[in-house]
Amino acid sequence: MSIVEVARLAGVSSSTVSRVINNHPRVAKDTVRAVRGAMDKLKYTPSDRRPGPKPGMRGGLSGATIGFLVFGTGRDRTTPAFEELMRGVSAGASRYNLKLVYHHVLDSGNLPSQVIDGPFEGLLLHGSLPSAGTKERLRRFPTVWLMGNRRRPDWGDQVMPDAYEIGDKAARYLLGCGHKKLAFLNLDLGHWPFRVASQSFIARAQEEDAHVDLVERARSDDERTYWPQFAGSAADEVVKRYLKLDPRPTGIFAADDMQVALIQPALQRAGVEIGRGNVEIISCNNERPYLIGLAPRPAEIDIRVESIGMRGVERLIWRLNNRALPERIVTAIEPIVISHDGKTMDWADSDEN
């Protein structure tokens, strides 16, 4: 008996069955009931033989120390997504009985002595790219980068959101709401994952004979800091350019929640009606604190940050057990879409039926 047969009987995708088995919180209750019912009918029991390292089978790594370094920011400027990432890393380290040492490194040219002389088996890295000298000192460690960077790191493995799927799913959501004139609004033009997302957003729209306008602005603060500080004037500038578009797009993809917290109010101050039947917005990251006060709430792309942290630990364990392999491994975590009314969208299911 296989997961494919369960998926076929339940009328869902194999990935949805996997999410139900692993108790993923973003699966509709009706879908969970259907999958559990199919499992009972087929007498299917999930196997404990999962890919990747297992507790007690880590090549002697139990009790090893790994470092988690965050470049370009201090502890006083964490974001909601970072808190989720930290939860995932901590849960991963606990699950595999690893010791975790955590440092913020505001000045990458001045590594703490605990890092230089630390007893690390490997490193998880997050944030801005370090200086050339620091990079050379870190390259001796097996390394996994977490999340997407403004510019891609040139060493180490990486676990990150699937930027291509983010753009594709944003377009699919807006197209499914009936919009044919779309726009991508972005206050951070130089951010590499945003460029990838915008390209896939355009590609999906073109497949459906829809039009996309890019309304973007270069970031103006110090790019050496990882988390930006956007000014309200930047959002106003982008909104003014959006208002001049003719015909004006009715479906908007905002690059992330930090931005939509400024962009949506700026649109509403300019007299743009937001909501069903008017201009609709989808944003990215599902960082709920940024969405407080937005009415109506935009649809969201959940990039599964906690899962990225957990998978990062697993990827580092894999790298520690496969140090000699020369190729770098990039793992992209699939996002999910949460509609304006809080429902999880799963196109994989509808594509199969």
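Here, each number is a calculation from the coordinates, and none is a lab measurement. Because the structure is a prediction, the values reported are computed rather than measured. Don't worry about glycine lacking a Cβ; one is built from the backbone with ideal geometry, like all the others, and counts go over all protein chains shown.
One table, with the values for the structure above:
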item: Gain in span if fully extended, Asp341 to Lys181, counting 0.36 nm per residue against the direct Cα distance; result: 55.4 nm
item: Pairs from Lys29/Lys99; Lys43/Lys343; Lys99/Lys135; Lys99/Lys343 whose Cα-Cα separation, in the structure shown, is over 27 Å; result: Lys29/Lys99; Lys43/Lys343; Lys99/Lys343
item: Spin-label model distance (nm) - Arg323 vs Asn110, 7 Å beyond Cα toward Cβ; result: 3.2
item: For segment 163-302: rounded, prolate or oblate by the Cα gyration tensor [a/c cutoff 1.5]; result: rounded
item: Magnitude of the charge dipole, the chain, Cβ model with Lys/Arg +1 and Asp/Glu -1, debye to 20; result: 860
item: Lys343, Lys169, Lys29 arranged by Cβ crowding within 10 Å, fewest neighbours leading; result: Lys29, Lys343, Lys169
item: Farthest toward positive dipole pole in the chain [+1 Lys/Arg, -1 Asp/Glu at C-beta], among Ala171, Ala93, Gly251; result: Ala93
item: Relative contact order computed over the chain (Cα-Cα under 8 Å; 6+ residues apart), in percent; result: 20
item: Likely footprinting exposure, Glu280, Glu273, fewest C-beta neighbours within 10 Å first; result: Glu273, Glu280
item: Most mobile of Met160, Met86, Met258 in a GNM of the chain (Cα contacts under 10 Å); result: Met86
item: Förster radius 51 Å - calculated FRET efficiency between Ile292 and Leu42 (Cβ-Cβ, nearest 0.05); result: 0.70
item: Sites Ala218 and Ile21 - FRET efficiency at Förster radius 41 Å, r taken between beta-carbons, to 0.05; result: 0.40
item: For the chain, with +1 on Lys and Arg beta carbons and -1 on Asp and Glu, the positive-most of Val238, Ala64, Val196 along the dipole; result: Ala64
item: Amide proton proximity set for Gly122, modelled H, under 5 Å, gap of 5+; result: Gly67
item: Centroid-to-centroid separation of segment 171-218 and segment 262-307 [C-alpha atoms, Å]; result: 15
item: Global form of the chain, assessed from the alpha-carbon gyration tensor, a/c cut-off 1.5; result: oblate
item: Ranked list, fewest to most other Cβ atoms within 10 Å of each Cβ, for Val337, Val330, Val196; result: Val330, Val196, Val337
item: Fraction of beta bridges assigned by DSSP in the chain that are antiparallel (%, nearest 5); result: 15
item: Distant-in-sequence amide H partners of Glu287 (H built 1.01 Å from N, under 5 Å); result: Asp257
item: Segment 163-302 - charge dipole about Cα centre, Lys and Arg +1 at Cβ, Asp and Glu -1, debye rounded to 20; result: 340
item: Contact order normalised by residue count of segment 203-353, Cα under 8 Å, 6+ apart, percent; result: 16
item: Dipole of the chain, positive direction: furthest Cα of Ser113, Leu262, Pro153, with charges on the beta-carbon; result: Ser113
item: Förster radius 35 Å - calculated FRET efficiency between Glu136 and Val330, Cβ distance, rounded to 0.05; result: 0.95
